[in-house]
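The values are calculated or read from the model by the stated rules, or taken from the named source; none is laboratory data. Keep in mind that what you see is a predicted model, and the values were worked out from it rather than measured. Note that we place each Cβ from the backbone using ideal geometry, even for glycine, and neighbour counts take in every protein chain shown.
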Amino acid sequence: MLRKILSKITFGLSTGYGSTTFKHELDGFGILQNPDSVPKLFQPSSPSSGYSNWFNAVNPSGNTTQAGAFLVNSDTASIGFKSKSFNIPLRATLHVEFDRYRIGGGYSFEFTRVGEFKPLSYGDRINNFSPDVSSFFLKKYFVSLGASVYRYYEYLLVVDANIGGYKLGKDFDSGSIKKGMFVNLGVTVEREMSEYFKLFVRPSYEIKSYKLNFPESGQSITHKFNAFYLNVGATYRIPELRRCFLKTCKAQMNHAHGNREYRSRVHPIYKKQNPHYGENHPVIIKYKGRNKKKLNPY
C-alpha cells in the first residue's frame, strides 16, 4: 500500500541560470554626489544626515557637501538605482498528478551575485555604487499548480505557477525588512525517457519585492528584484511494482511469479518501454547502422 501511494508522487531536481534585476526608486529622498565619492542618500528635511547603504540595511552616515557636489531631490526628478545580477539555483520539487492537472510544492536554494548599481537618471552626474553585500544565498519555499496543455509523441508541454515565500541572506537586516510573497510563472517542456523518468527544460519569470524601512522617519524604499530563470533537470516517479527478484529473468514486460506481479528487471529507467509487451530492442539488428542499406543484411 505504501509503495502504491508513493508511486503517485513525482520527484524533481533541477539547476540552471537566473538573471535578476534589482531596482528601486527613491521617492521622498534625495541623492548627494560629492566629487570622487560614492553617492549618499538623504532626507530633504535633514540634508546633513545621510545614508551610505539602503540595500540590505539602513546605515546612517553624515553628509558633508563639498565643492562641485551634485544634489538632486525626488520632488524635482525621478531618481533611483538599478543592478543586473545573476543566480545559480538548486531546486527540488514534488507533485501529484490528477489527469492532466498537477499540485505540489518545492524548495529552492540559490546563490545570488549582486552587481553594481547604476543610477536610473543623471548617469553623467551620479556615480555607480556597490552595496555592502556582494552575494548571498536566497532560500525559497512554494506550492506549485500546473496543467499539461499539449503532447507531441514523447514531448509534453506543461504550464505552471509557483507561489510562496523566501528568506534573504544573513547580511540582510530582518528587523528593518518587510518581505512579500513571490509568484513564478513558467512553461515546462518534458521529454519522457521512460515510464518513470523524464528530462525537462523550464523557462520562467518571477515577480517579488521587499521593503526596507527607515525607523526614524517612517519612510521605506521598495526593492524589486524580478528574475528570469532557465532550469534544466529531471523527474522520477517510484514504480508501483517491485522489480523482478529473479536475476536470470529476462522478461521485458510486467509479469507474475506465483501470486505477485513484478516489473521487468531489464527495464532501464532511461528508456521508454511498453509494460504490456516490452520493447527493449524495438529495432532489430538487421535494420540498424550499415545493415539498413543492404538488400540482404544476413
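If you go through the range 123-141 and keep only what is touching a residue at least 24 places away in the same chain (Cβ under 8 Å) and either among the charged types (D, E, K, R) or surrounded by 15 or more Cβ atoms within 10 Å (Cβ to Cβ) (or both), you end up with ARG125, ILE126, ASN127, PHE129, PRO131, ASP132, VAL133, PHE136, LEU138, LYS139, LYS140. Which of the residues that make up the range 61-74 are part of a strand (DSSP E or B) and either touching a residue at least 24 places away in the same chain (Cβ under 8 Å) or surrounded by fewer than 12 Cβ atoms within 10 Å (Cβ to Cβ) (or both)? Listed by number, the residues that qualify are GLY62, PHE70, LEU71, VAL72, ASN73.
If you check SER14, SER78, which single one turns out to be among the small types (Gly, Ala, Ser) and not assigned by TED's automatic domain parsing to the domain that holds VAL143?
Numbers: SER14 fails: not assigned by TED's automatic domain parsing to the domain that holds VAL143.
Unique residue meeting the criteria: SER78.
Only residues that are buried (at least 21 other Cβ atoms within 10 Å of the Cβ) and part of a loop (DSSP other than H, G, I, E, B): list them for the range 27-53, please. Across the range 27-53, the qualifying residues are PHE29, PRO39. When PHE117 is tested against (1) in contact (Cβ under 8 Å) with a residue 60 or more places away in the chain; (2) more than 22 Å from TYR17 (Cα to Cα), just one condition goes unmet, and that condition is (2). Given the range 173-230, what strands (runs of 3 or more DSSP E) lie entirely inside it while holding 3 or more residues that are touching an Asp or Glu at 6+ places or on another chain (Cβ under 8 Å)? In the range 173-230, 182-192, 197-207 are the strands (runs of 3 or more DSSP E) which contain 3 or more residues that are touching an Asp or Glu at 6+ places or on another chain (Cβ under 8 Å). Residue check: ALA57 meets all listed conditions (1) on the phi < 0 side of the Ramachandran plot; (2) surrounded by 13 or more Cβ atoms within 10 Å (Cβ to Cβ); (3) in a strand (DSSP E or B); (4) among the small types (Gly, Ala, Ser) but one, namely (3). Looking only at residues in the range 197-224 that are in contact with a His (Cβ under 9 Å, 6 or more places away or on another chain) and in contact (Cβ under 8 Å) with a residue 60 or more places away in the chain, the one that is nearest to TYR270 (Cα to Cα) is LYS224.
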